[in-house]
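Accompanying notes for the structure given below.
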Amino acid sequence: MTSLYLRRQTPEQRTELIRNLHQSQNNVCFICEEPIDLAIHKDALDIDHIIPISVSGKDDPSNFALTHASCNRAKQASNLEVARTLCRLDKIRSSLASENRGPNLADILAIHGGAKHNLNFSRQGDRIRFACPELGSNQITDLPIYTDELSGFGYFFTKLPIAYLHHDDKINPRAIGQNISKLIQEFYLKRPQLHPSLGWIHTADGEPSTVRIFDGQHKAAAQILLGVRSLPVRVFINPDIDILLKTNFNAGTSLRQVAFDKSVQRHLGNTVYVQRVERYQAEHNLAEDHFGFSESDLVKYFRGESREVKKYILDAVRDTITYHPDNKLKEYVDLGGRNTERPLSYSTIEKTFYSFFIYQDVLDTPLDFRLDEEENPREHEKEQILQLMNIIAEEIFVGRFDPDIGTLRIENRIQKGEVLPLEHIRAFRMSKEEVVYNWLKYVEQIIKNYFIMQGRPIQEEKLFHYKFPQPLWDRIRVFIRNLSNLPIWVNNELSQTVFGGKQNYAFWQAIFETGKSPQGVRVLAEPLDLMKMIQE
Ligand SMILES: [Zn+2]
């Protein structure tokens, strides 16, 4: 910020200017909208141009804003109105961090008076009519219905007040990404894009319809955050929801049009899986509770998309475990909130637990195979992975990892001499992907060894399909407890070396197998001895 105007001011004039701005801004910072106290913040205030002079903003008080100095330094856009909008979004984001998710259009609508009402549509031939009486407008809008040349769906274009727009979190479960900030800046600079969002309604006689937005939530949210209160929408009438779901699934996978959080993509895959099962039942005249067909039957039946159906099946397994109400580890997994409170990333969970322990092919046994006897292989798999996660949660995380301390710069803080609880440091270090990868491999080995010692032949890739007896569970718990008691996890001297940066899988493999890092630095007193590690 170079301001000739400000440089020419006397200290008294500057104080006067600050006082005036403070008053006209209702005593809050222009960027963060939190209070400014002229006494307390006296030496920590900035005056800046709202519109930067580099883009022809004026260098006079009409274009000045008062901010906390730190807010001005940390601002995410040079234009202060944009910076303020982004700051608002950050606040929504952090308010949702405790729910382990990022904001979506529903959150933005909720705080701006959106998603309040439904609409009564009247359809006559190729016209559709409605009014917005809740907003005091009884004038009837009468619009033509078009037919989508490719999908055959009927639709109309309109512009609706946000009070009538709702977010569809079933078809579009993803959160708003960080990239929205660029979109907000583009819109602010008056550069139009393909603004209309895609929505859908179900119309039935006399029933009010909810207009649900299922695509274009970033553009919709960006407009709302910039103060727009009526949005253009292309509304499909009674579309096939299955097709919309699949379209959105592909947008995140094969088309890569959007960056989905992995966990959200899995959730969507699960939703499509459920739809496929229902369609299979309906098209075979089976009852809703009939599950006497197998995963491979599904893949065969939906022949044109067998690869996708296989994906949906595995997504459903992952999703069920991830979001299971009894999953104690979930609390410690970042599912897309992008926060620094949780030690495990969802991607780590996929690359270790799910890739090691979920059978990656489809099963020939019926979905309800021996379900009543509680001997169904997929159910065993899900339940036992869940049980393993819970043991790990209990032994390493619950009551030990402190979300208030979080994960941000832990090693730096240790190096600077900050004293952190040892159990927190241990949980943090044991959660690193390359570390989990290696110790979970040992858990796998312990399970295999157990069955071999019992003389039971097993298929290794279906390890979790076999029911684990209690002594095996005890053994796993003892191993994890002994592992967590190794002194390395709480050794501050290893902060700069072993735990200093991200290592690869082989680095930790070497440490566990030899006691030394690949560079020959001794880390463990001796190599891991699995026989010892399973003894109390
Ligand atoms: Zn501020």
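Given a 1.4 Å probe, how much area per residue of the chain is accessible, in Å²? All intermediate terms of the calculation are to be shown ahead of the outcome.
Working: 26970 Å² over 536 residues.
Here the per-residue accessible area is 50 Å².
When both region 1-75 and region 217-238 are represented by their alpha-carbon centers, they are found 33 Å apart.
Per-residue 3J(HN,Hα) values for region 112-120, derived from phi via the Karplus relation 6.51 cos²θ - 1.76 cosθ + 1.60 with θ = phi - 60°, read 10, x, x, 6, 9, 10, 9, 10, 9 Hz in sequence order (x marks Gly and Pro). Between Asn250 and Thr340, the FRET efficiency from the beta-carbon distance, with R0 = 41 Å, is close to 0.80. Placing unit charges on each Cβ (+1 for Lys and Arg, -1 for Asp and Glu) gives the chain a dipole about its Cα centre, and among Phe187, Phe464, Ser137 the Cα reaching farthest toward its positive end belongs to Phe187. The label point for Gln193 and the one for Asp402, both projected 7 Å from the Cα toward the Cβ, are 4.2 nm apart. Dividing the Cα radius of gyration of region 468-517 by 2.2 N^0.38 Å, with N the residue count, gives 1.43. For region 1-110, applying the loop criterion from DSSP together with a ceiling of 11 other beta carbons within 10 Å to the trypsin sites (Lys or Arg not before Pro) yields Arg8, Lys42.
Within region 4-75, the proportion of Cα pairs with more than 15 Å between them is 51 percent. Positive end of the dipole of region 325-533 (Cβ unit charges, origin at the Cα centre): among Ser517, Ile425, Ile452, the Cα lying farthest that way belongs to Ser517. Normalise the Debye intensity by I(0) for region 403-510, one equal point scatterer per Cα, no solvent, then take log10 at q = 0.15, 0.16 Å⁻¹ and round to two decimals. Per q value, in the given order, log10 I(q)/I(0) is -0.73, -0.80.
Assuming R0 = 56 Å, can you tell me the calculated FRET efficiency for the pair Thr2 and Ser137, based on Cβ-Cβ distance, to the nearest 0.05? So, using R0 = 56 Å, E works out to roughly 0.70.
Taking the Kirkwood radius as Rh and the Cα radius of gyration as Rg, region 105-252 has a ratio of Rg/Rh equal to 0.95. Residue ranking by accessible heavy-atom surface, 1.4 Å probe, largest first, among Glu536, Glu433 comes out as Glu536, Glu433. In this calculation the C-beta distance from Ser70 to Glu526 is compared with R0 = 41 Å, giving a FRET efficiency of 0.25. A cut-off of 5 Å between modelled amide H atoms, ignoring neighbours fewer than 5 places along the same chain, links Gly199 with Phe214, Arg234, Val235, Phe236.
Considering Cα pairs under 8 angstrom that are at least six residues apart, work out the relative contact order of the chain and quote it in whole percent.
In percent, rounded to a whole number, it is 9.
The Cα center of region 478-536 and the Cα center of region 190-209 differ in position by 56 Å.
Distance between the 7 Å Cα→Cβ label points at Lys300 and Leu226: 5.5 nm. Within the accessible area of region 263-394, the carbon and sulfur atoms contribute 46%, probe 1.4 Å, all protein chains present. In plain terms, if you count all Cα to Cα distances in region 22-164 and split them into 5 Å steps from zero, the share in each step is 2, 8, 12, 12, 11, 10, 10, 10, 9, 7, 5, 2, 1, 0 percent.
Here the chain is assigned +1 on the Cβ of each Lys and Arg and -1 on the Cβ of each Asp and Glu. Its dipole about the Cα centre then comes out at about 1740 debye. A simple spin-label model places the labels of Ala110 and Arg370 4.5 nm from each other, with each point 7 Å out along Cα-to-Cβ. Of the DSSP H helices in the chain, those that are both long (alpha-carbon extent of 27 Å or more along the helix axis) and hydrophobic (Kyte-Doolittle mean at least 0.0) are 433-453. In the chain, the DSSP-assigned H stretches of four residues or longer account for a calculated mean residue ellipticity at 222 nm of -12000 deg cm²/dmol, using -39500 (n - 2.57) per stretch and the full residue count as denominator. For region 342-450, applying the loop criterion from DSSP together with a ceiling of 12 other beta carbons within 10 Å to the trypsin sites (Lys or Arg not before Pro) yields Arg409, Lys416. Across the chain, counting alpha-carbon atoms alone, Rg and Dmax equal 28.8, 90 Å.
On region 96-186, 47 percent of the accessible area sits on carbon and sulfur atoms, based on a 1.4 Å probe. Remark: for residue pairs Lys42/Lys182; Lys310/Lys432; Lys91/Lys330; Lys310/Lys382, the C-alpha separation exceeds 26 Å in Lys42/Lys182; Lys310/Lys432. Placing a label point 7 Å from the Cα of Val274 along the Cα-to-Cβ direction, the residues of region 194-217 with a backbone N closer than 20 Å are 200-202, 210, 212-215. Per atom type, region 4-75 shows carbon and sulfur on 53% of its accessible surface, probed at 1.4 Å.
Taken over the Cα atoms of region 325-533, the convex hull encloses 136 Å³ per residue.
For the pair region 81-109 / region 284-361, the C-alpha centres are spaced 28 Å from each other.
Candidates Ile18, Tyr346, Leu4 compared by Cα position along the dipole of the chain: farthest toward the positive end lies Leu4, with charges placed on Cβ.
The values are calculated or read from the model by the stated rules, or taken from the named source; none is laboratory data. Being a predicted model, the structure only gives us computed values, none of them experimental. Reconstructed Cβ throughout: ideal geometry from the backbone, glycine too, with neighbour counts over all protein chains shown. To get the accessible areas, we keep the full protein, side chains included, count just its heavy atoms, and leave off ligands, DNA and RNA. Shrake-Rupley method; radii C 1.70, N 1.55, O 1.52, S 1.80 Å.
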